[in-house]
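The values are calculated or read from the model by the stated rules, or taken from the named source; none is laboratory data. This structure is a prediction, so every number in the text was calculated from the model and none was measured. Ligands, DNA and RNA are stripped out before the accessible areas are found, and what is left, the full protein with its side chains, is counted by its heavy atoms. Shrake-Rupley method; radii C 1.70, N 1.55, O 1.52, S 1.80 Å.
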Amino acid sequence: MNALGWQIGAILFGISSLVIAIYLAKLLDNTTKIIEKSNRIVDYNERYINEIIENTAHITKSAESIIDLVGRATGAVKVFRFIKRK
């Protein structure tokens, strides 16, 4: 009877290992499909992504130039205030 218990345990262990392997295979297959879809979306929208990046860079440069201009104007106003006080 002792050998029969070990045999049943080995069969159950083998079946559970097979079920786990099937679920892992399905998980990897779904992951592969998701990655392929995301790659297709990125490839399709790559031109738009590059345009967005370029526009963002242009906006950043424009904002920096505006901030620089405001800083210069503020400095000029401070100089005129200093001259006005004397």
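If one computes P(r) from the Cα atoms of region 1-41, what percent of pairs lie at distances over 17 Å? Write out the running numbers ahead of the final one.
Working: 435 of 820 pairs.
So the portion of pairs separated by more than 17 Å is 53 percent.
Let me have the 222 nm mean residue ellipticity of the chain computed from DSSP H runs of 4+ only, each contributing -39500 (n - 2.57), with the sum over all residues rounded to the nearest 500. Could the numbers behind the result be given before it?
On the way: 2 runs with 83 residues, N = 86.
So the calculated ellipticity at 222 nm is -36000 deg cm²/dmol.
Measure nothing but the geometry: give the 0 to 90° angle between the long axis through the Cα atoms of 2-44 and the longest principal axis through the Cα atoms of the chain, rounded to 10°.
Helix 2-44 and the main axis of the chain meet at about 30 degrees.
Carbon and sulfur atoms: what percent of the 1.4 Å accessible area of the chain do they account for?
On the chain, the fraction of accessible area on carbon and sulfur atoms equals 69 percent.
Where only protein heavy atoms count, and the probe is 1.4 Å, what is the accessible area per residue for the chain in Å²?
Per-residue accessible area for the chain comes out at 96 Å².
When you take every Cα atom in the chain, what is the radius of gyration, and what is Dmax, the widest Cα pair distance, in Å?
Over the chain's Cα set, Rg and Dmax evaluate to 34.1, 111 Å.
With axes computed from alpha carbons, what is the tilt in degrees of helix 46-85 against the longest principal axis of the chain, rounded to the nearest 10 within 0 to 90?
Approximately 30 degrees, to the nearest 10.
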